[in-house]
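Structure, as structure tokens:
Bear in mind these aren't lab numbers, they're just calculated from the coordinates by the rules spelled out. Note that the coordinates shown come from a computational prediction; the quantities given were computed from them, not determined experimentally. Note that we place each Cβ from the backbone using ideal geometry, even for glycine, and neighbour counts take in every protein chain shown.
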Amino acid sequence: MAKAKRYDPTIDTKKPFFIKGLMLYLLSLPLIFALFFSLLGGSSASILTLATSAALYLLGATIARRGFLQEKEYNKSNIAKAPKLKFKTVAAVILSFATFFTSLFATQNGLVLSVILALFFLVGFYLYYGFDPMEDKVGELRIGVSAQEVIEITSRARKSVESLKKIKNSIDDIKLKDIIKSVIDETQDVIEAIEKDPNDLSKARKFFNVYLHRTEQISGEYLKNLKNDNIDETLKENFKKLLINVNETIHQQKERLSEDDMTRLDVQIEALTKQLKNEGV
């Protein structure tokens, strides 16, 4: 007899996601058919029991699908926090209880057999689908770089990128849009490099906390003033020059992620920080 294989998320990611968990919905079909005939027969107790059983299976299947989607996002990211809401675990409990309830009340099995069937279902769910990820995924970290910091900074950086994309889409100047797009692309490369090797965060910490934050902030202010017709050609050109400098520095940052000499990078970061303040954009 073939041995049951424990759930492997690595293998699971190769399966088409849209079919994952659909069989869980099939568990409610016999109950729905039985409910239809009970409605014709007019048995109130049977209708209530079958409706409750079907609803529990549908609820559990829906929550499980939410958990599968959450796990999919976790698995495809190099850096991710373990989900706080354990949808798969909750779904397994609900579906196991649905099995117990259906066995005991719908099919009139005994209490012991119903408990056994529920436990078998719980174990089967775990072996086939697994439960929710329990640990943050960041890889091996050196001293000075924490998992929490890596996740928070990269998450905040991606939000800044999304903000810059919205700003770019709200600007009509083609050249300016191209510069902002270049800044976005270069920044995404840096984020991906950090996600690939979180230990490089020590080299890019100031970039994320100073450069990216200030670039997003100034770009937002520029857009706000642009909508209020408070931007003249001089200010527009200064803003373009600033973004070009930022883009060049980000490119240098990306190239230096593999280098050990951080002194020159720190000097350049602080120089650009002063420039950001002095431009007065």
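Write out the GluC sites (Glu not before Pro) in the range 98-205 meeting two conditions: DSSP loop, and at most 16 other Cβ atoms within 10 Å of their Cβ. Walk me through the numbers on the way to the answer.
Working: sites: Glu135, Glu140, Glu149, Glu152, Glu162, Glu186, Glu192, Glu195; in loops: Glu135, Glu140.
Passing both the DSSP loop test and the Cβ count: Glu135, Glu140.
Exposure proxy check: Lys137, Lys76 ranked by fewest other beta carbons within 10 Å?
Numbers: Lys137 15, Lys76 9.
Result, fewest neighbours first: Lys76, Lys137.
If packing is taken as the average number of other Cβ atoms within 10 Å across a peptide's residues, how do 87-93, 107-113, 228-234 rank, most packed first?
Values: 87-93: 21.4, 107-113: 11.1, 228-234: 9.6.
Top of the packing list down: 87-93, 107-113, 228-234.
Quick check: residue separation of Glu162 and Glu192 times 0.36 nm, minus the Cα distance between them. What number comes out in nm?
9.3 nm is the gain from fully extending Glu162 to Glu192.
Can you give the three extents of the C-alpha atoms in the range 78-189 along their principal axes, from longest to shortest, in whole Å?
So the extents along the principal axes, rounded to whole Å, are 74, 41, 18.
Please state, as a whole number in µm²/s, the translational diffusion coefficient that the Stokes-Einstein equation yields for the range 9-129 at 20 °C and 1.002 mPa s, with Rh defined as the Kirkwood radius across alpha carbon pairs. Spell out each step's value before the answer.
Numbers: Rh = 15.5 Å.
The estimated diffusion coefficient comes to 138 µm²/s.
HN-Hα J couplings of the range 237-253 from phi, Karplus 6.51/-1.76/1.60, θ = phi - 60°, integer Hz, Gly and Pro as x?
5, 4, 5, 4, 4, 4, 5, 4, 5, 4, 4, 5, 5, 4, 4, 5, 4
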